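Here is the structure we will look at.
The values are calculated or read from the model by the stated rules, or taken from the named source; none is laboratory data. In this text the structure is predicted, and so the values were computed from the model without any measurement. Backbone-built Cβ (ideal geometry, glycine too); neighbour counts: all protein chains shown.
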Amino acid sequence: MSAIFKRKSVRRYLDKPLKKEEIDIIMKAAVSGPTCVNSKDWSFIVVTDKKMLNKMADLNGKPAEPLRGAALGVLICGDYDKAFMYAKDYWVVDGAIAGENMIIAATELGIGSVWLGTWPQMDRVEAQKKLFNLPDNQIPHSIIAFGYPEDPNDLKEERNDYDMSAIHYNNW
Ligand SMILES: Cc1cc2nc3c(=O)[nH]c(=O)nc-3n(C[C@H](O)[C@H](O)[C@H](O)COP(=O)(O)O)c2cc1C
């Protein structure tokens, strides 16, 4: 619970690689999420290469700048071939769940992260697809940038800015 409540977007990172064990935990969290009819209709490209992180940033719009200083970037893709045949669009839900799981796992490890929107901005989708030579059935969904927070106070305290007004009980 504490990781959920401490989480916030962290966009500036120390110039320090993540440990392999930490990356493994983050990726295990990704594939631990539920998927529609257990389709596991995702795939992930785990990027630690600085040149590739910069190329991903080049192709994902100005808001993707945090990737340039990140220790890790993960491109979440939807696997359209594996998606639930009667309602393929669930691939988007499944990718989002995997992404949030990664973020919560990273927070628990003291690793900062920020979600970088890709799908449904199709220019970004096509550009990432080309960069990674993805097969046709793979659809870039989102990128998440990770790194140890530059600000040592980040992720230390639970937040208190919850918007409870969005919650309705039993009816609108
Ligand atoms: C679908 C989605 C796309 C996002 N895209 C970006 C982005 O491109 N660049 C960025 O810096 N933050 C991005 N964010 C992070 C949001 O700006 C952030 O979650 C929001 O401002 C709330 O702040 P918090 O995460 O600290 O609670 C994105 C978040 C989501 C869920």
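Structure data summary
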item: Any helices (runs of 4 or more DSSP H) falling wholly within the range 1-107 and containing at least 2 residues that are at pLDDT 95 or above and under 17 Å from Leu134 (Cβ atoms); result: 50-58
item: Some residue of the range 125-139 being more than 21 Å from Arg11 (Cβ to Cβ), of a type in the set (A, V, I, L, M, F, W, C) and within 11 Å of the ligand (Cβ to nearest atom); result: no
item: Breaking point among (1) more than 18 Å from Leu67 (Cα to Cα); (2) surrounded by fewer than 16 Cβ atoms within 10 Å (Cβ to Cβ), for Gly117; result: (1)
item: Filter result (within 12 Å of the ligand (Cβ to nearest atom) and of a type in the set (D, E, K, R)) within the range 42-67; result: Lys62, Glu65
item: Matching residues in the range 1-41 - criterion: being away from the ligand (no atom under 16 Å from the Cβ), surrounded by 13 or more Cβ atoms within 10 Å (Cβ to Cβ) and among the basic types (Lys, Arg); result: Lys40
item: Lone qualifier among Leu53, Leu59, Leu67 - being more than 16 Å from His141 (Cβ to Cβ) and surrounded by 14 or more Cβ atoms within 10 Å (Cβ to Cβ); result: Leu53
item: Close pairs from the range 84-96: first closer than 19 Å to Trp115 by Cβ, partner of a type in the set (Val, Ile, Thr), Cβ under 6 Å, at least 6 apart; result: Asp94/Thr35; Gly95/Ile76
